[in-house]
1. If I go through region 149-166 residue by residue, how many of them are at pLDDT 95 or above and more than 16 Å from PRO545 (Cα to Cα)?
2. Which of (1) more than 25 Å from the chain's Cα centre (by Cα); (2) open to solvent by 10 Å² or more (accessible area, probe 1.4 Å); (3) not acidic (Asp, Glu) does LYS342 not meet, given it meets every other one?
3. Looking only at region 483-505, decide whether some residue is modelled with pLDDT of 90 or more, touching a helix residue (DSSP H, G or I) at 6+ places or on another chain (Cβ under 6 Å) and outside any helix (DSSP H, G or I).
4. Specify the residue that is surrounded by the fewest Cβ atoms within 10 Å (Cβ to Cβ); the eligible residues are those in region 414-424 that are under 25 Å from the mean Cα position of the chain (by Cα) and in a helix (DSSP H, G or I).
5. Residues being β-branched (Val, Ile, Thr) and open to solvent by 30 Å² or more (accessible area, probe 1.4 Å): count how many of those fall in region 545-577.
6. Do we find that LYS316 is surrounded by 18 or more Cβ atoms within 10 Å (Cβ to Cβ), among the basic types (Lys, Arg) and at pLDDT below 85 in this structure?
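The values are calculated or read from the model by the stated rules, or taken from the named source; none is laboratory data. Not measured: the values here are computed from a predicted model. Here the Cβ positions follow ideal geometry from the backbone for every residue, glycine too, while neighbour counts run over all protein chains shown. What goes into the accessible areas is simple: the full protein's heavy atoms, side chains included, and nothing from ligands, DNA or RNA. Shrake-Rupley method; radii C 1.70, N 1.55, O 1.52, S 1.80 Å.
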Amino acid sequence: DHQTILRAWAVKDFAPNCPLYVQILKPENKFHIKFADHVVCEEEFKYAMLALNCICPATSTLITLLVHTSRGQTAPWEAFRQLTGTKQTLNRESQQSPEQWQKMYGRCSGNEVYHINLEESTFFAEYEGKSFTYASFHAHKKFGVCLIGVRKEDSKNILLNPGPRYIMSSTDICFYINITKEENSAFEKQEKHKKKKESKLSYHGASRLPVHSIIASMGTVAIDLQDTGCRTSSRPTLALPSEGGKEGRRPSIAPVLEVADSSSLQTCDLLSDQSEDETTPSDDEVSAGLEYAKGYPPYSPYIGSSPTFCHLLHEKVPFCCLRLDKGCQHNYYEDAKAYGFKNKLIIVAAETAGNGLYNFIVPLRAYYRPKKELNPIVLLLDNPPDMHFLDAICWFPMVYYMVGSIDNLDDLLRCGVTFAANMVVVDKESTMSAEEDYMADAKTIVNVQTLFRLFSSLSIITELTHPANMRFMQFRAKDCYSLALSKLEKKEREKGSNLAFMFRLPFAAGRVFSISMLDTLLYQSFVKDYMISITRLLLGLDTTPGSGFLCSMKITEDDLWIRTYARLYQKLCSSTGDIPIGIYRTESQKLTTSESQISISVEEWEDTKDTKEQISYRSSHRNSTSSDQSDHPLLRRKSMQWARRLSRRVPRHSGKTTEKINQQRMNLYRRSERQELAELVKNRMKHLGLSPAGYDEMNDHQNTLSYILINPSPDTRLELNDIVYLIRPDPLAYVPNSAPSRKDSFCNTVGQDTREETQL
């Protein structure tokens, strides 16, 4: 960073008017180059992305695909079928075929963010004077584009999903997600052709119009009138099929209003949830003193951090109470289970508590996250944190740290890995300077593999130095499917693909991330100067009044009546004002089971072997020569004599004792490697005085594959357990004077001592 700063100063001194694009590592060095036109801080983006991965799965993959230019092509199925050796017939409609997820995932990966002026747009020009949600829904329904944000002509601030109260203006800049920009789309070419055609067909008298032109123009007018009629008349709502409405007909989806009225905003689910969350605290929260305040954090660990409205404590926690595994005079808890957390933990394993780690906590404690859904955060650090870092995190609720390492099983159990929903493993700075370049990730990969084998249901998110090393994540030596994907990646790389690794299962599922994947963000800002701002808004690094935020919702059985993505789009726009931008889908994966996961009874195997030997002996006894006939009986006679001699030496046991010994022996034979690992963990938990109850509930979710569908087609069918990415409107934008300024919000509620601590 020091060298980068000096180079930036040199360029600014030599050519002050030259646009400057700077990428640095540490957030504390940002204020030295604040004069640059575009700045990307790696640690800020990295930690915010890893944090959102815990509540919006695969956010890192979502952002990576959006900032990369992809061809949007699908993986060649014929080549993939040859690599996997499958003999089944090609069926592109089948959801069970192994190429189907690649086909959808590869096609949707070509989506990027583009911009256009409203009055010049074919997609959005007709929505001038209409609400933002109305424009977004109908543009997606008609053209398949996803309008995500706008910027006023006289403003530099981009607003992501400003909500149904925002009225589109002709001078607005629209930001949308699509496979290609509008200027290159087929719709634009059709529109130009249509305008040229209309200019030629302008009426100069009936005699000048050829018959075929009249017929063609009549067809065009009929289509246009039909389309206009659908828009101007009261739009029919999407109801359930008549078969499903016999027992009790559910209400149909409400239409998206052109201009939102007060009644529709009052029924917004988000607002009702927020009011319930704030006005009716539970008795447990009141008794435990867990009623949180909302405000700006009084202390920031570095200069240049963007102020974010967060959930905060009324009084800062003493430093001794931040230590998870050590009791103090305020509490006597020494492990995660003793705290009795209602929500599952998020554990971050890092080498040191750098200033960038602050950006992991802030998005998870932002004011728009419901209090009931806040996950406790545990920082597992190799080295003790500095006092200035503890000063910054002591105002946030349920944030703890512990000195330990993921190398040590005892440290993992103490920090509550059996009660964790997500484990984030951050790349260590000390390993980045390895002698062999690609060996920098060796220790991290092996440690994560150990976690993967010991805690199979734990969602592990890993940061690597080199993206090429992601092929070793959750490695299985005899996995034919991964081997086929490896060969497919080589072919993609030979074709010059920017994302040759995109079909790797860990990347598609959002379980691995490398900061080098964001290198293209700085390059894209050369032609799209808004990409850094949009990415920071999506990650929660910046907050603009009136701008929405990224969140997710899970599709349950009660939601499957919506059926398609287009109907879901309408349902969200008409009720909460949310804008969906993609789907995270998980499917069961039929893999070739590796040897380590097969539990075989040794006795059954030996019996089978003996049976085969007897069969082979009988056949050989009939068909072989006399010399071959004499070998097997001799060996069998000797083995029987050895067994009798051994049985004489063994002391006699009663029938029950013999049966018990045989049962124990059978149990040992039939015990698989998974059971051995489970017993190892349980023994360590008992040794540490921890209850192994939580570990018993951990299920094996290794045979699943997950992937992202960015801006899928309107007719995409929703499936159970789909997670939908949403850009939700700013809740404070609906309530007048509800967003206090930084100096008036939290500092006035906690006292004069806090105001003094706010000063750097």
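1. Number of matching residues: 0.
2. (1)
3. First pass over region 483-505, keeping only residues modelled with pLDDT of 90 or more: none.
No, that holds for no residue.
4. Filtering region 414-424 down to residues under 25 Å from the mean Cα position of the chain (by Cα) leaves 415-424.
Narrowing further to those that are in a helix (DSSP H, G or I): 417-419.
Values: VAL417: 26, THR418: 25, PHE419: 20.
The residue in question is PHE419.
5. Residues of region 545-577 that are β-branched (Val, Ile, Thr), as a first pass: 555-556, 562, 564, 576.
Okay, now just the ones that are also open to solvent by 30 Å² or more (accessible area, probe 1.4 Å), so 556.
Qualifying residue count for the region: 1.
6. So LYS316 does not fit the description; no.
Residue-by-condition table, conditions (1) within 20 Å of the chain's Cα centre (by Cα); (2) hydrophobic (A, V, I, L, M, F, W, C); (3) part of a loop (DSSP other than H, G, I, E, B):
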| site | (1), (2), (3) |
| --- | --- |
| LYS337 | no, no, no |
| ALA353 | no, yes, yes |
| ASN375 | yes, no, yes |
| ASP391 | no, no, no |
| TYR401 | no, no, no |
| VAL448 | yes, yes, no |
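Matching residues to (1) in contact with a Ser or Thr (Cβ under 8 Å, 6 or more places away or on another chain); (2) among the hydrophobic types (A, V, I, L, M, F, W, C); (3) surrounded by fewer than 20 Cβ atoms within 10 Å (Cβ to Cβ):
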position: ARG369; (1), (2), (3): no, no, yes
position: GLU373; (1), (2), (3): no, no, yes
position: LEU379; (1), (2), (3): no, yes, no
position: ASP382; (1), (2), (3): yes, no, yes
position: HIS388; (1), (2), (3): no, no, yes
position: ALA392; (1), (2), (3): yes, yes, no
position: MET402; (1), (2), (3): no, yes, no
